[in-house]
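Taking it in order: structure first as structure tokens, then the write-up.
The values are calculated or read from the model by the stated rules, or taken from the named source; none is laboratory data. Since the model is a prediction, treat every value here as computed from it, not as a measurement. Cβ sites come from the backbone with ideal geometry, for glycine too, and all protein chains shown count toward neighbours.
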Amino acid sequence: MTEPVTCVLREMRWWDIDPVLELERDLFPDDAWSRGMFWSELAHARGPEATRKYVVAEAGERIVGYAGVASSGEQADIQTIAVTRDQWGTGLGGRLLTELLRAATAFECAEVMLECRVDNVRAQKLYERFGFEAIGFRRGYYQPGNVDALVMRLTDPSSVQGTQING
Ligand SMILES: CC(C)(COP(=O)(O)OP(=O)(O)OC[C@H]1O[C@@H](n2cnc3c(N)ncnc32)[C@H](O)[C@@H]1OP(=O)(O)O)[C@@H](O)C(=O)NCCC(=O)NCCS
């Protein structure tokens with residue numbers, strides 16, 4: 001990790017997709033999202049019927065993190081969350097997650113679900129800090145590596161926002 005940078009969180013827009021894709025391929029080499037997947041998600045992120053919220057963390061002109069959540073009725077799903085390697089451990093993951101939980105609350109979701117690779121201890125620690133609990137596994141969820149997913153759930157996202165923002 002290098003020094004934490006000062007960054008602002010803002011809504012992800014279509015012109016962010018290229019730099020985000022570059023980070024995506026670095027951070028999720030086995031199962032990176034395609035350009036089309038980001039376009040499709042952002043298409044549902046605006047207007048009164050929006051069911052998605054995507055944010056980027058920007059330091060100057062550089063994107064150093066991004067995250068997104070989808071709502072479906074009472075349930076929200078963390079779709080993605082990522083931070084550039086040089087900013088890991090700075091609390092930026094916590095800031096992004098706080099923003100997603102705020103969005104889940106605005107969508108009036110009672111619970112938030114996510115899947116996480118069983119070997120991704122760093123991410124699991126972050127989620128546990130926010131009160132997510134492991135509730136099961138999805139065998140072979142991540143292909144082609146055939147890695148299991150840990151399924152985690154947070155009930156009442158409105159109760160944790162604001163308290164965890166600085167990690
Ligand atoms: C997961 C990720 C978003 C976390 O971002 P971050 O900015 O490092 O998050 P934070 O600094 O807020 O918290 C990281 C946690 O990992 C812990 N950690 C630090 N170094 C660690 C290490 N070597 N091994 C395990 N955990 C570690 C931190 O102590 C902290 O846990 P704590 O809250 O119990 O103190 C980031 O590591 C990342 O982008 N990883 C690659 C993409 C990814 O895996 N996304 C999640 C998909 S489910």
Exercise. Mind listing whichever residues of region 69-100 are farther than 14 Å from F132 by Cα, part of a helix (DSSP H, G or I) and near the ligand (Cβ under 8 Å from one of its atoms)?
Key: R85, Q87, L92, G93, R95, L96
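Is there a residue in region 101-111 that is within 28 Å of E3 (Cβ to Cβ), near the ligand (Cβ under 10 Å from one of its atoms) and either not in a helix (DSSP H, G or I) or not hydrophobic (A, V, I, L, M, F, W, C) (or both)? Walk me through how you get there before you give the answer.
Restricting attention to region 101-111, the residues satisfying the condition of being within 28 Å of E3 (Cβ to Cβ) are 101-102.
Filter once more, so that each one left must be near the ligand (Cβ under 10 Å from one of its atoms): none.
Looking through region 101-111, none of the residues is within 28 Å of E3 (Cβ to Cβ), near the ligand (Cβ under 10 Å from one of its atoms) and either not in a helix (DSSP H, G or I) or not hydrophobic (A, V, I, L, M, F, W, C) (or both).
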Quiz prompt | Residue tally, condition away from the ligand (no atom under 11 Å from the Cβ), hydrophobic (A, V, I, L, M, F, W, C) and closer than 19 Å to G94 by Cα, over region 113-142 | solution = 2
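Those residues that are of a type in the set (A, V, I, L, M, F, W, C), within 14 Å of the chain's Cα centre (by Cα) and surrounded by fewer than 19 Cβ atoms within 10 Å (Cβ to Cβ), I need them from region 102-122; list them, please. Break it down into steps so the answer makes sense when it comes.
Step one: of region 102-122, the residues of a type in the set (A, V, I, L, M, F, W, C) are 103-104, 106-107, 109-110, 112-114, 116, 118, 121.
In the following step, the residues that additionally are within 14 Å of the chain's Cα centre (by Cα) were identified as 103-104, 112-114, 116.
M113, the sole residue that qualifies.
Considering only region 30-55, how many residues are of a type outside the set (G, A, S) and closer than 22 Å to C109 by Cα?
To start, the set of residues in region 30-55 that are of a type outside the set (G, A, S) comprises 30-31, 33, 35, 37-39, 41-42, 44, 46, 48-49, 51-55.
Going one step further and asking which of them are closer than 22 Å to C109 by Cα, we end up with 41-42, 44, 46, 48-49, 51-55.
Count: 11.
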Quiz item: Does at least one position in region 56-63 carry a residue that is more than 18 Å from D26 (Cα to Cα) and either in contact with a His (Cβ under 9 Å, 6 or more places away or on another chain) or of a type in the set (V, I, T) (or both)?
Solution: no
Quiz prompt | Qualifying residue in region 14-27 (condition: free of Cβ contacts under 8 Å to residues at least 12 places away in the same chain and within 14 Å of the ligand (Cβ to nearest atom)) | solution = yes
Practice problem: Hey, can you tell me all the residues within region 1-21 that are under 16 Å from the mean Cα position of the chain (by Cα) and acidic (D, E)? | Solution: E11, D16
Quiz item: Considering only region 1-58, how many residues are assigned to a loop (DSSP other than H, G, I, E, B), farther than 17 Å from Q79 by Cβ and of a type in the set (A, V, I, L, M, F, W, C)?
Solution: 3
Self-check item: Single condition N166 does not satisfy, out of (1) out of contact with any Lys or Arg (no Cβ under 7 Å at 6 or more places or on another chain); (2) over 18 Å from Y66 (Cβ atoms); (3) near the ligand (Cβ under 10 Å from one of its atoms); (4) modelled with pLDDT of 95 or more
Solution: (4)
